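The values are calculated or read from the model by the stated rules, or taken from the named source; none is laboratory data. This one's a predicted model, so the numbers in the text were calculated from it and none came from an experiment. Ideal geometry is used to build each Cβ from the backbone, glycine not excepted, and the neighbour counts take in all protein chains shown. Each accessible area value is taken on the protein alone, full model and side chains, heavy atoms only, with ligands, DNA and RNA left out. Shrake-Rupley method; radii C 1.70, N 1.55, O 1.52, S 1.80 Å.
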Amino acid sequence: MTKRGHRLAVLLLVFPAVGYVALFLAAVLIMTLLQSVGFFSFTATTTIGLDEWAKLLDGQTWDSFIYSLRIALASSLGGLFLAYPIALYLRNNFRGKTIISNLLRVPLFLPALVAAFLILNIMSFHGILNETLLALRIIKEPLRMLHDDQGIGVLVIQIWKNLPFQTLILTAVLTNVPRELEAAARNLGAGSFSVFRFVLFPLSLPGAVTGVVLVFIGVLGDFAVNSIAGPLYPPSLAIRMYLLGHAFSEWGQAAGIAIITMVTALVFAVLLARLAKLTVRLVG
Amino acid sequence: MNGRVTFRGGRRHGLGQAIRSGWLPLLLLFGSLIIIGVPIVMAVAWSLVDPDNPWSFPDVFPPSLSLAQWQYVFKYTDIVRAIVTSYELAAASTLLAFVLSLPTAYAIGRFDFRGKEAIRILLLLPLVLPGLVVALFLSRVFGFMGLAQTFPGLVLGHTLLVLPYMARLMSTSFEAIPRDISDAASNLGASELRKFREIYLPMIMPGIFAGAILTFIASLEEFALTFVIGTPDYQTIPTILFGFLTQHFVRTNAAVVALILMVPNVVMLFIADRALRADFVASAYGKL
């Protein structure tokens, strides 16, 4: 085959899946962008410009933005904080390791809706958690943990659901750290904490960043869990977007929220990657 | 069992000792049993509540169990139709994802060309974009094309969302075929087509199997897109569950539907995990 023919053949082979994804995503993104500046509005009278943005940027949108951002930060960073000790511990060999690591992976296999339901049962007003705390006389009356203003219910559901994922990524990167490196550090007099700080932490940082970013994006754009257990006000960004679009046919404003969500996710991912690089340079 | 308690030297104290000796693993086992096990046991219990003997405040466990909730859900809700729709949708989108991924994964795995990394990232984008954004604005696009509220529209949308799993696992399997084997076959005069049929295909079978299970499950679990593009004409198991968890909150019904949704998925994933003896879940998500 000629070189040119070969290139053409490869191009044709690559096309099906790539073309499919590119076509649909381009359609979605272009539709979002155009609607946010006034095209395809429900009333079919197109006023192109930033009117939709002016209507969108009010106190309610701000409340939703801050709420979603807070929950996303708390879930992703809180999850990382819990995942590190588990992943570090799972590096050791001990009796029952297989059972524990399999148990801890169960939430990974569950749909978000099911996870939400499972935790909702536990945390409801007369759920087992409240009853246990009452029986132990730790609290005097049941706590309101679902639909609470702080989004505690959502936070617990998200961490329960995403912790295995973060642990799995961390375990994978930590397993790749050569044992000799750790042994060398110990021989040079490093204690457990120093080994973590100067060897394990910097080398596992890429995995930690991947986990945090993916959880952050998922929680930032969450609709289902917030509908099930979120506060009555403010609605999450996705709920507000859904209501604006589907219920009130304000598609321009809904598109604005879509763009805000995606830009926030992108900015967070870039910032965190930068921060990780900087940290590695400072520590190493 | 690969777990055996090992003692390295006798002079370790404190945390190091605790990690290697008995009580910390026990504590961890106990903790994970409670955190993972209790929610699941409670859901099973809620699905077996006896309506004649209700489960309420002081009882830790239902006073008597019955299958009445299951009978109720199957008799008076749309669950049977939703189960059929869900599995048809999953089968159709898995098949379409396979057909689309086969040539692309082959090209990514076997040839070097410019822009490969960009293509890999593009293929993962549907997993990263917020699900409801894709759902809402794809529904607008479909609205203009007459595909909203149709089964083909749902298949096309689901395929977009599950394709990354299939493409990723298949291209990884193609890449894993050792160069020597394909070179040896070429030296013996095998054409590219023959190599594809007799060497590549058998070797990527586990990857196809894993990809098919992951895409099938991802489609069964998909909620946002089906909710926006399908309801009210097309209900799937997740949209029915969502209904029971929000406007029509009925805990016992939700428990039944949650089990209908989760049990087959967990069984499929564990079977696949065993069959492949590899952490394919990790390889699908992990190396982003």
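Does region A:245-259 hold any residues that are more than 23 Å from the chain's Cα centre (by Cα) and of a type outside the set (S, T, Y), and which are they?
The initial filter retains those residues of region A:245-259 that are more than 23 Å from the chain's Cα centre (by Cα), namely A:245-253.
Once the filter is applied, which keeps residues that are more than 23 Å from the chain's Cα centre (by Cα) and of a type outside the set (S, T, Y), region A:245-259 yields A:G245, A:H246, A:A247, A:F248, A:E250, A:W251, A:G252, A:Q253.
Under the condition of being in a loop (DSSP other than H, G, I, E, B) and at pLDDT 85 or above, the residues counted in region B:238-271 number 1. The set of residues in region A:194-242 that are within 12 Å of chain B (Cβ to nearest Cβ) and either charged (D, E, K, R) or in contact with a strand residue (DSSP E or B) (Cβ under 8 Å, 6 or more places away or on another chain) (or both) comprises A:D222, A:R240.
A quick yes/no check of all residues on (1) under 30 Å from A:L282 (Cβ atoms); (2) open to solvent by 10 Å² or more (accessible area, probe 1.4 Å); (3) in contact (Cβ under 8 Å) with a residue 12 or more places away in the chain; (4) among the acidic types (D, E):
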| residue | (1), (2), (3), (4) |
| --- | --- |
| A:F201 | yes, yes, yes, no |
| A:L205 | yes, yes, yes, no |
| A:G211 | yes, no, yes, no |
| A:G221 | no, yes, yes, no |
| A:L232 | no, yes, yes, no |
| A:A238 | no, no, yes, no |
| A:L244 | no, yes, yes, no |
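Can you tell me which residue among B:G9, B:G3 is at pLDDT below 85, loosely packed, with under 14 Cβ neighbours inside 10 Å and either part of a loop (DSSP other than H, G, I, E, B) or of a type in the set (F, W, Y) (or both)? Reasoning before the result, please.
On the way: B:G3 fails: loosely packed, with under 14 Cβ neighbours inside 10 Å.
Of B:G9, B:G3, the one residue that is at pLDDT below 85, loosely packed, with under 14 Cβ neighbours inside 10 Å and either part of a loop (DSSP other than H, G, I, E, B) or of a type in the set (F, W, Y) (or both) is B:G9.
On the stretch given as region B:132-152, residues that are buried (at least 23 other Cβ atoms within 10 Å of the Cβ) and at positive phi total 0.
For B:L129, are the conditions met, namely being surrounded by 14 or more Cβ atoms within 10 Å (Cβ to Cβ), touching a residue at least 60 places away in the same chain (Cβ under 8 Å) and within 27 Å of B:A212 (Cβ to Cβ)? Judged against the criteria, B:L129 is not a match.
Taking helices (runs of 4 or more DSSP H) that fall entirely within region B:21-113, which contain at least 3 residues that are at pLDDT 90 or above?
On the way: elements: B:23-32, B:38-47, B:68-76, B:79-110.
Qualifying helices (runs of 4 or more DSSP H): B:79-110.
Note on region B:38-96: residues that are under 22 Å from the mean Cα position of the chain (by Cα), within 14 Å of chain A (Cβ to nearest Cβ) and among the β-branched types (V, I, T) amount to 4. Going residue by residue through region B:79-93, is there one that turns out to be of a type in the set (K, R), over 29 Å from A:L237 (Cα atoms) and open to solvent by less than 40 Å² (accessible area, probe 1.4 Å)? Taking every residue of region B:79-93 in turn, none turns out to be of a type in the set (K, R), over 29 Å from A:L237 (Cα atoms) and open to solvent by less than 40 Å² (accessible area, probe 1.4 Å).
Only a single criterion out of (1) closer than 16 Å to A:I128 by Cα; (2) open to solvent by 50 Å² or more (accessible area, probe 1.4 Å); (3) facing chain A (nearest Cβ under 8 Å); (4) not hydroxyl-bearing (S, T, Y) is not satisfied by B:V99, namely (1).
Would you mind finding the one in A:G189, A:G127, A:G211 that is within 26 Å of the chain's Cα centre (by Cα) and either closer than 30 Å to A:M262 by Cβ or not basic (K, R) (or both)?
Values: A:G189 fails: within 26 Å of the chain's Cα centre (by Cα); A:G127 fails: within 26 Å of the chain's Cα centre (by Cα).
Just one listed residue meets the conditions, A:G211.
Within region B:197-209, is there a residue that is among the small types (G, A, S), open to solvent by less than 20 Å² (accessible area, probe 1.4 Å) and either outside any loop (DSSP other than H, G, I, E, B) or at pLDDT below 85 (or both)? Yes: one or more hits.
If we scan region B:132-142, do we find a residue that is basic (K, R), over 26 Å from A:L12 (Cβ atoms) and within 8 Å of chain A (Cβ to nearest Cβ)? Explain how you work it out, then say what you get.
Taking region B:132-142 as the starting set, the residues that turn out to be basic (K, R) are B:140.
Keeping just the survivors that are over 26 Å from A:L12 (Cβ atoms) gives B:140.
Filter once more, so that each one left must be within 8 Å of chain A (Cβ to nearest Cβ): B:140.
Scanning region B:132-142 turns up at least one residue that is basic (K, R), over 26 Å from A:L12 (Cβ atoms) and within 8 Å of chain A (Cβ to nearest Cβ).
Can you tell me which residues in region B:111-126 are of a type outside the set (A, V, I, L, M, F, W, C) and open to solvent by 30 Å² or more (accessible area, probe 1.4 Å)?
To start, the set of residues in region B:111-126 that are of a type outside the set (A, V, I, L, M, F, W, C) comprises B:112, B:114-117, B:120, B:126.
Within region B:111-126, B:D112, B:R114, B:G115, B:K116, B:E117, B:R120 qualify.
Only one of these is over 24 Å from the mean Cα position of the chain (by Cα), surrounded by 15 or more Cβ atoms within 10 Å (Cβ to Cβ) and more than 7 Å from chain B (Cβ to nearest Cβ): A:S36, A:S76. Name it.
Sole residue among the options that is over 24 Å from the mean Cα position of the chain (by Cα), surrounded by 15 or more Cβ atoms within 10 Å (Cβ to Cβ) and more than 7 Å from chain B (Cβ to nearest Cβ): A:S36.
With respect to the conditions (1) out of contact with any Asp or Glu (no Cβ under 9 Å at 6 or more places or on another chain); (2) surrounded by fewer than 24 Cβ atoms within 10 Å (Cβ to Cβ); (3) under 27 Å from A:F24 (Cβ atoms), B:Q235 lacks only one, and its number is (1).
Say whether the condition of being at negative phi and more than 14 Å from chain B (Cβ to nearest Cβ) is met by at least one residue in region A:2-23. If you could, list the steps in order and put the result at the bottom.
Filtering region A:2-23 down to residues at negative phi leaves A:2-23.
With more than 14 Å from chain B (Cβ to nearest Cβ) added as a condition, the list becomes A:2.
So far as region A:2-23 goes, yes, one or more of its residues are at negative phi and more than 14 Å from chain B (Cβ to nearest Cβ).
I'd like to verify a number: residues in region B:134-155 that are in a helix (DSSP H, G or I) and either in contact (Cβ under 8 Å) with a residue 24 or more places away in the chain or of a type in the set (S, T, Y) (or both), how many? Result for region B:134-155: 10.
Within this structure, B:R274 fails the test of being of a type in the set (K, R), under 30 Å from A:M123 (Cβ atoms) and at pLDDT below 90. B:R194 is checked against (1) crowded, with 21+ Cβ neighbours inside 10 Å; (2) out of contact with any Asp or Glu (no Cβ under 9 Å at 6 or more places or on another chain); (3) under 24 Å from A:F15 (Cα atoms) and fails just one. What number does that condition carry? Failing condition for B:R194: (1).
When A:I128, A:I119 are checked against the criterion of being of a type outside the set (G, A, S) and touching a residue at least 24 places away in the same chain (Cβ under 8 Å), A:I119 stands alone in meeting it.
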